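Some notes on the structure that comes next.
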Amino acid sequence: MPRLLRRFLRNPGAVLGLALLLVLLLVAALGPALVGDPLEQNIGERLRPPGPAHPLGTDQLGRDVLARVVHGARISLGVGFGVVLLASALGVAVGLLAGGLGGFWDNLLMRLTDVFFAFPSLILAMAIAAALGPNLTNTVLAVALVTWPIYARLVRAQVLALREREFVEAARALGAGQGRILLKHLLPNSLTPVLVQASYEVGSAILTAAGLSFIGFGAQPPTPEWGAMVAETRNYMAEAPWAATAPAVAILLTVLAFNLLGDGLRDALDPRGR
Amino acid sequence: MAAYVLKRLGYALLVGLGITFITFFVSQVIPIDPAVAALGENAREEQIREFRERYGLDKPLLVQYGLYLQRLFRLDLGRSLRTGRPVAEDLKEFFPATLELALSAFLVALLLGLPAGVWAALRQNRPPDLLVRLLALLLGSTPVFFLAILLLDLLHRRLGLLPGPGRLDPFLLPPPRVTGMVSLDALLAGDWAAFRDALAHLVLPAFVLGSASAALLARMVRAAMLEVLSQDYIRTVWAKGLSERQVVLRHALKNAALPVLTLLGGLLGGLLSGAVLTETIFSWPGLGRYVTQSATSLDFPAVMGVTLLVGVVYSLLNLLVDLLYALLDPRIRYA
């Protein structure tokens, strides 16, 4: 592992991604206690440009943009991690079963993932969010439901490749059962590509969720969710561009962090090292 | 080859069937009674009973699914609760606008992503490569809805370089509808003013929708080119003294294209469904805006109709890519 870590840390992009992520986590953990109320309106102070009292200015209701962006960090990171945890749990289970059981079950489960792959994810997520009611929990459920197949395919491919390796044969020879081989030997060794993919997927889930909120199928105003904030303030681009730009840049930096992290992990784990 | 095609067609059919099953299932679990939704809250008891009998809603689920499939075969997707028209009619009206936008965005992605990826690979780890990688990373991380708002504000409102939302200047007479794609229809009608205006209206939304795909494509092309450029036969070609142009165009690109090709079907399919946000912001009268408005008013027949159409088109695109791939790479056919 130290060699992996060294390789990872020698990559400036990866280090930048990691640093960005740490800052974001810190902001999400401690920030809300340090800034003001994200919901407090002050009509007299509306659309104020950035200044000492409001470092990122105020929005059309006189709310402090910095307070809203900082509170939004917790929401967006929560959504991103929530989606990836749910989707990867489901996907890994399906992939493990398909690869481990083989034959009919493999075929059935893989065709199921094909079907989910073919679905227009944003539209299905919209339909689910509309049916269950638009809120953040349902956004997480909806996005997880449309993103799990990618993990299933990854894990299945890993399991198929690993199944014939000597250490699995050795375990089998020692009398390990199918379940033990799956969970003890195949699962841990299949998780590397899942980790890389998961890093990208956190960013992508944050983008999708923000998009859903932007068109009204995710977090609802006045929740300080970044996508919803851009939607609320987009009509003030002319007189107060900071109000929509701040949450958008926050999304950009967060997604960038996870993309850099994913690239860094992939390059550190890929022995060909590009 | 025939066996492969048959097998692949069978898969596509299965996936199509799976899609119908899920759209049917989702329509079942939504907590909205279609009879009440269609007839209104104040409908009388016997009206509702009659509606249920007419649409088979009183039958067991499996029978209902059979009826649903039967209706699908006749291209009957039900009636939209919002527009009051058959969903199939609505789709026919709105699909061309989405196709026009998605194809334009696809073109943008190809025109930007392909050369950028090749260029980056040829100058690996030098300024052009770093520039392409940086831009790809930034574009791939930017929320598309903000890119749209920002570019509209800058290029339309502030600089007046490009037209704003919509497909055509309201003062221009729209060309007669043939394909439903305004730019193509204007071209067919020989109406140059309308053609130029329609193209100008396409630039921004097509760029916004295609930018993330361009970034993805640039990264894929770069990786594929690097792979190919490091191979022995390319070294031989260099040693023969061919120019960079000849090495790339005649020898490297062909082999780098194969792994990229598999991506293209999914990319175009993704653009069709990704159009939702872009269409909403640019008031583009396509499927994306239609499905957003339908979902807002809980018009599930319409939402499921769009889901089904986009899902099926996506599967067909992937089928096409797989068949093309098999045609180009004999290793697939005989595997």
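The values are calculated or read from the model by the stated rules, or taken from the named source; none is laboratory data. Source: prediction; values computed, not measured. Because the Cβ atoms are built from the backbone with ideal geometry, glycine has one as well, and the counts that use them run over all protein chains shown. When the accessible area is computed, the model is the full protein with side chains, heavy atoms only, and any ligands, DNA or RNA have been set aside. Shrake-Rupley method; radii C 1.70, N 1.55, O 1.52, S 1.80 Å.
Table for the structure above
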| quantity | calculated |
| --- | --- |
| Where chymotrypsin sites (Phe, Trp or Tyr not before Pro) fall in DSSP loop in segment B:120-186, at most 11 other Cβ within 10 Å | B:171 |
| With all protein chains modelled, accessible area of residue A:110 [1.4 Å, Å²] | 10 Å² |
| Relative contact order (%) - chain A, alpha-carbon pairs under 8 angstrom, separation at least six | 27 percent |
| Per-residue mean of C-beta atoms belonging to partner chains within 10 Å, peptide A:123-136 | 6 |
| Distance cut-off 22 Å, percentage of C-alpha pairs in segment B:54-178 lying past it | 65 percent |
| Among B:166, B:182, B:103 the positive-end extreme of the charge dipole of segment B:70-202 (Cβ point charges) | B:103 |
| Sum of side-chain charges, residue A:63 neighbourhood, beta-carbon under 15 Å (Lys, Arg +1; Asp, Glu -1) | -4 |
| Spatial extent of segment B:32-76: Rg and Dmax, with the Cα atoms as the point set, Å | 11.5, 33 |
| Residues in segment A:23-39 reached by a label modelled at residue A:60 [backbone nitrogen below 11 Å; 7 Å Cα→Cβ] | none |
| Computed [θ] at 222 nm, deg cm²/dmol, the protein assembly as shown (DSSP H ≥ 4; -39,500 (n - 2.57); rounded to nearest 500) | -24500 deg cm²/dmol |
| Carbon and sulfur %, accessible surface of segment A:56-259 computed with the full protein complex present, 1.4 Å | 66 percent |
| Interface area, A with B, accessible, probe 1.4 Å, both sides summed, Å² nearest 100 | 3600 Å² |
| Per residue value of the accessible surface for segment A:77-210 (all protein chains in place, 1.4 Å probe), Å² | 41 Å² |
| Packing-based ranking, highest mean first, of A:131-143, B:228-240 given that Cβ atoms within 10 Å are counted | A:131-143, B:228-240 |
| Shielding by other protein chains, B:301-308, mean Cβ within 10 Å | 3 |
| Heavy-atom accessible surface of segment B:27-168: percent carbon and sulfur, 1.4 Å | 62 percent |
| Estimated D of segment A:123-231 in µm² per second, where Rh is the Kirkwood radius over Cα pairs and Stokes-Einstein applies at 37 °C, 0.692 mPa s | 204 µm²/s |
| Residues in segment B:287-314 that a label on residue B:85 would reach, taking backbone N under 20 Å of a point 7 Å out along Cα→Cβ | B:287-310 |
| For segment A:205-255, alpha-carbon Rg and Dmax in angstrom | 10.1, 31 |
| Equivalent ellipsoid, segment B:198-333 (semi-axes from 5 times Cα gyration tensor eigenvalues, Å) | 39, 19, 10 |
| Test item: Cα-centred dipole of segment A:56-259, Lys/Arg +1 and Asp/Glu -1 on Cβ, debye | 500 debye |
| Which of A:22, B:4, B:213, positive extreme of dipole for the protein assembly as shown (C-beta unit charges) | B:4 |
| Note, ³J(HN,Hα) from phi for segment A:42-51, Karplus 6.51, -1.76, 1.60, rounded to Hz, x at Gly and Pro | 8, 4, x, 9, 6, 6, 6, x, x, x |
| Dimensionless Rg over Rh [segment A:56-259; C-alpha; Kirkwood] | 1.12 |
| Given charges at Cβ of Lys, Arg, Asp, Glu: segment B:32-76 dipole, positive-most of B:72, B:51, B:61 | B:72 |
| Relative contact order computed over chain B (Cα-Cα under 8 Å; 6+ residues apart), in percent | 26 percent |
| Global size of the protein assembly as shown as Cα Rg and Dmax, reported in angstrom | 25.7, 85 |
| Relative contact order of segment A:45-96, pairs being alpha-carbon contacts under 8 Å that are 6 or more residues apart, as % | 21 percent |
| Value in Å of the Kirkwood radius, where segment B:1-88 supplies the Cα pairs that are averaged | 15.0 Å |
| In order through segment B:219-224: 3J(HN,Hα) via Karplus (6.51 cos²θ - 1.76 cosθ + 1.60), integer Hz, x for Gly, Pro | 5, 5, 5, 4, 4, 5 |
| 1.4 Å probe accessible area per residue over segment B:32-76, in Å² | 77 Å² |
| Phi-based couplings in Hz for segment A:68-80 (Karplus 6.51, -1.76, 1.60; Gly and Pro marked x) | 5, 5, 5, 5, x, 4, 4, 5, 5, 5, x, 4, x |
| If the convex hull is drawn through the Cα atoms of chain B, its volume per residue in Å³ | 189 Å³ |
| Distance from segment B:112-171 to segment B:280-335 (C-alpha centre basis), Å | 24 Å |
| Aspartates and glutamates with Cα under 19 Å of residue B:92, excluding same-chain neighbours fewer than 8 positions away | B:76, B:100, B:185, B:279, B:299 |
| Distance between segment B:73-98 and segment A:24-88 - C-alpha centres, whole angstrom | 41 Å |
| Check: segment A:196-274 dipole with +1 on Lys, Arg Cβ and -1 on Asp, Glu Cβ, in debye | 180 debye |
| Length gained when the stretch residue B:134-residue B:6 is fully extended (0.36 nm per residue, less Cα-Cα span) | 41.8 nm |
| Shielded by partner chains, segment B:5-21 residues - at least 40 Å² of accessible area, 1.4 Å probe, vs chain alone | B:11, B:15 |
| Interface residues in segment B:127-174 - accessible area drops by 50 Å² or more relative to the isolated chain, probe 1.4 Å | B:137, B:141, B:143, B:145, B:146, B:149 |
| Amide hydrogen neighbours beyond the local backbone of residue B:79, cut-off 5 Å, H modeled | B:87 |
| Net charge dipole size for the protein assembly as shown [Lys, Arg +1 and Asp, Glu -1 on Cβ; Debye, nearest 20] | 2040 debye |
| Cβ crowding within 10 Å averaged over residues, with A:5-12, B:296-303, B:150-157, B:15-22 ranked highest first | B:296-303, B:15-22, B:150-157, A:5-12 |
